[in-house]
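A short worksheet on the structure shown next.
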Amino acid sequence: MTAEPCSCNDALGGAHLFLDDALEPAARSMIEAHLRDCQRCNHTLAFQTNLRATIARAVTSEPLPEDLVRRLLDRLATEPGADTADA
Ligand SMILES: [Zn+2]
C-alpha cells in the first residue's frame with residue numbers, strides 16, 4: 001500500500017505551515033509530492049509565496065528619517081500655493 005495521497009484541501013490547508021517551515025517532515029513531503037502533481041495548488045502556493053515576500057519587503061523597508069519628514073512638511077507649509085501666486 002502506498003502513502004495516502006494528499007488532497008488539494010490538505011495541501012492548501014497546510015500551506016501557511018508549509019511556508020512557515022513549521023510542518024512535520026512527513027507532512028511536508030506529502031505536500032511537496034502533491035505540489036509536483038497538482039498545477040493548481042502549485043500556482044496557489046507560488047502566489048502566496050510571492051505575496052509573503054512582497055509583504056515582508058514592505059514591512060522591513062526603512063521608514064523615512066524623522067528630520068527629512070519634518071523638513072518636507074516645513075517646505076510644504078512655507079511654499080506659496082498656486083492661488084497666492086501672481087496672476
Ligand atoms: Zn492540489
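The values are calculated or read from the model by the stated rules, or taken from the named source; none is laboratory data. Treat the numbers as computed from the prediction; the structure is a model and nothing was measured. Methodologically, a virtual Cβ is constructed for each residue, glycine included, from the backbone with ideal geometry; neighbour enumeration extends over all protein chains shown. Heads up: the accessible areas ignore ligands, DNA and RNA and are worked out on the full protein's heavy atoms, side chains in. Shrake-Rupley method; radii C 1.70, N 1.55, O 1.52, S 1.80 Å.
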Check off (1) away from the ligand (no atom under 12 Å from the Cβ); (2) surrounded by 10 or more Cβ atoms within 10 Å (Cβ to Cβ); (3) small (Gly, Ala, Ser) for residue 26 and give me the number that stays unchecked.
(2)
Within segment 38-59, does at least one residue satisfy the condition of being open to solvent by less than 60 Å² (accessible area, probe 1.4 Å), β-branched (Val, Ile, Thr) and closer than 17 Å to residue 9 by Cβ?
yes
Residue 73: passes all of (1) farther than 15 Å from residue 15 by Cβ; (2) open to solvent by 90 Å² or more (accessible area, probe 1.4 Å); (3) at pLDDT 85 or above; (4) within 17 Å of the chain's Cα centre (by Cα) but (4)
